[in-house]
Amino acid sequence: FRQHASSKDKTTVTHWIRFCTAFVRNSARLRSPMALKATTSMEEEFDLLFEYIVKDRALRNFYREKRDAFIEQEEKERSLRLAEMEQRPVLKSNASDSMSISDDSSSEGSTLHLPSPRNK
């Protein structure tokens, strides 16, 4: 059960202990669930885990909120990375077997020409 990052937050630690306890207790006393189909989505797997094994709605809601917040944060970070990439200089290839780095402005003085790497 080392899948959880360390935390000093009492709520997070309490929920993790409750999750592990319920998972072990219910896995030992309940019959094994049917194997999931390869087409089962992560969302369905999440719901099935809490419905048939953990059997705790409060825990399900807690981890659903954490998952949703994590996804939202990842999407924000991805958008920021994409915006940063759009602002980076563009690498252009010239027909004269050299490459140039340009800031996409029309002035000639802002282009740096570099020789292309050659395959040996």
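Quick rundown of the values:
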item	result
Whole-number accessible area per residue in Å² for the stretch 7-90, which is evaluated in the context of all protein chains at 1.4 Å	83
Local net charge near residue 78, Cβ-Cβ under 14 Å (Lys/Arg +1, Asp/Glu -1)	-4
Potential lengthening between residue 20 and residue 57 on full extension [0.36 nm per residue; Cα-Cα distance subtracted]	11.9 nm
Mean projected area in nm² (Cα convex hull; one quarter of hull surface) for the stretch 1-56	4.6
Apportionment of accessible area to carbon and sulfur, the stretch 1-74, percent (1.4 Å)	56
Nearest-20 debye value, the stretch 1-76 charge dipole, Cβ charges on Lys, Arg, Asp, Glu	560
For the stretch 1-40 versus the stretch 54-71, the gap between their alpha-carbon centres in whole angstrom	11
Trypsin sites (Lys or Arg not before Pro) restricted to the stretch 1-86 and DSSP loop, no more than 15 other C-beta within 10 Å	2, 8, 31, 37, 55
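The values are calculated or read from the model by the stated rules, or taken from the named source; none is laboratory data. Keep in mind that what you see is a predicted model, and the values were worked out from it rather than measured. Virtual Cβ from ideal backbone geometry, glycine too; neighbours counted across all protein chains shown. Only protein heavy atoms, including side chains, enter the accessible area calculation; ligands, DNA and RNA are left aside. Shrake-Rupley method; radii C 1.70, N 1.55, O 1.52, S 1.80 Å.
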